[in-house]
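The next block holds one structure in the form of structure tokens; read it before the comments.
The values are calculated or read from the model by the stated rules, or taken from the named source; none is laboratory data. Keep in mind it's a predicted model, so treat the numbers as computed, not measured. Note: ideal-geometry Cβ built from the backbone for every residue, glycine included; neighbour counts use all protein chains shown. Heads up: the accessible areas ignore ligands, DNA and RNA and are worked out on the full protein's heavy atoms, side chains in. Shrake-Rupley method; radii C 1.70, N 1.55, O 1.52, S 1.80 Å.
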Amino acid sequence: MKLVFAGTPEVAVPALDALIASGRHEVAAVVTRPDAPAGRGRRLVASPVAERAEEAGIEVLKPARPRDEDFLARLREIAPDCCPVVAYGALLPRTALDVPARGWVNLHFSLLPAWRGAAPVQHAVMAGDEVTGASTFLIEEGLDSGPVYGVLTEEVRPTDTSGDLLTRLAFAGAGLLAATMDGIEDGTLHAVPQPDEGVALAPKITVEDARVEWSAPALRVDRVVRGCTPAPGAWTLFRGERLKLVQAVPVLDRTDLAPGELSAAKNNVYVGTGSHAVELLWVQPQGKKPMRAADWARGVRIVPGELVGI
């Protein structure tokens, strides 16, 4: 088939690579979000998908909005058979959805209908799911509600951050998307409607969602820290400034600290929760780079009984 691939961040690159490498289909063009400011100088930078496509000599389309007539006209000129999508980052209007004969097929990082939305992996980690996965489905105008072509499952490991899990799903899902294109082309794969039961929504995680509530059990604190790593980053307040929590682990045998109460030893920093304590391993003070929590604690000279979170 002639394909136009739509994607933007680094997590979409493995799928683009898999389609290029398959040799069975032609990736005629790539659709991605416009260049965005990055770094201290706020210089405009192309998306990871745009950079990879340019390396491969593939035409790159960067519409400000996918409903722009110039973009739609070029899409019609290319006349793709199918448009595979991974984390493109913009809603596709009906005028775009109608162009490819076999539709737009999205690789979504959950077992649909669970975790429909922008942040499925983060929500799976924060909810304590033991198993998640990826699905390929035909895009409709509803939110991730289209019929499903294929799925794969992936264990959520006890120490997984959302970044760890998403990386594994990106590579495993690349193979699923390539196989889905093959099955659509040869007629052996047919989309099946999603069940009405088991729908869960996964909206974008906000900065406020990532604030740690120390009155919650340690298990919940652990899930929030892992689910919000690397973005947007779990955080709390310390002496009125934001302190990012990069890595923390529950400590089952310590229950002597009140919620939010700090305890610092030579090589360990503990915080009380609504159940047992958690040990802070890595933190990032406001305006500084990540550092070991013990080094941070020595620098700020924690007072006995001092609290975080207020």
Would you mind calculating the relative contact order of segment 194-310 from Cα pairs under 8 angstrom and at least 6 residues apart, reporting the percent as a whole number? 25
Segment 18-106: C-alpha gyration tensor shape, a/c 1.5 cut-off, then a/b vs b/c: oblate
In the chain, whole DSSP H helices that both stretch 20 Å or further along their axis by alpha carbon positions and average at least 0.5 on the Kyte-Doolittle scale are 162-186
Can you give the accessible area of residue 55 in Å² (nearest 10), computed on protein heavy atoms with a 1.4 Å probe? 140
Hey, got the dipole for segment 126-227? About the Cα centre, +1 on K and R Cβ, -1 on D and E Cβ, debye to the nearest 20? 460
Part-to-part distance (alpha-carbon centres) for segment 212-256 and segment 188-205, which is given in Å: 31
GNM result for the chain, Cα springs below 10 Å: residue of 132, 188, 159 fluctuating most strongly: 188
Show me the GluC sites (Glu not before Pro) within segment 178-243 that DSSP assigns to loop and that have at most 15 other Cβ atoms within 10 Å of their Cβ. 197, 208, 213
Given the options 77, 141, 154, state which has the largest fluctuation in a GNM of the chain using a 10 Å cut-off (strictly under) for Cα springs. 77
Percent RCO, i.e. relative contact order, over segment 108-171, from Cα pairs under 8 Å lying at least 6 residues apart: 35
Report, to one decimal in Å, the Kirkwood hydrodynamic radius for the chain based on all distinct Cα pairs. 21.2
Segment 142-244, convex hull of Cα, quarter of hull surface, nm² -> 8.8
Using only the Cα atoms of segment 66-219, what semi-axes does the equivalent ellipsoid have when each is the square root of 5 times a gyration tensor eigenvalue? Give whole Å, largest first. 31, 18, 13
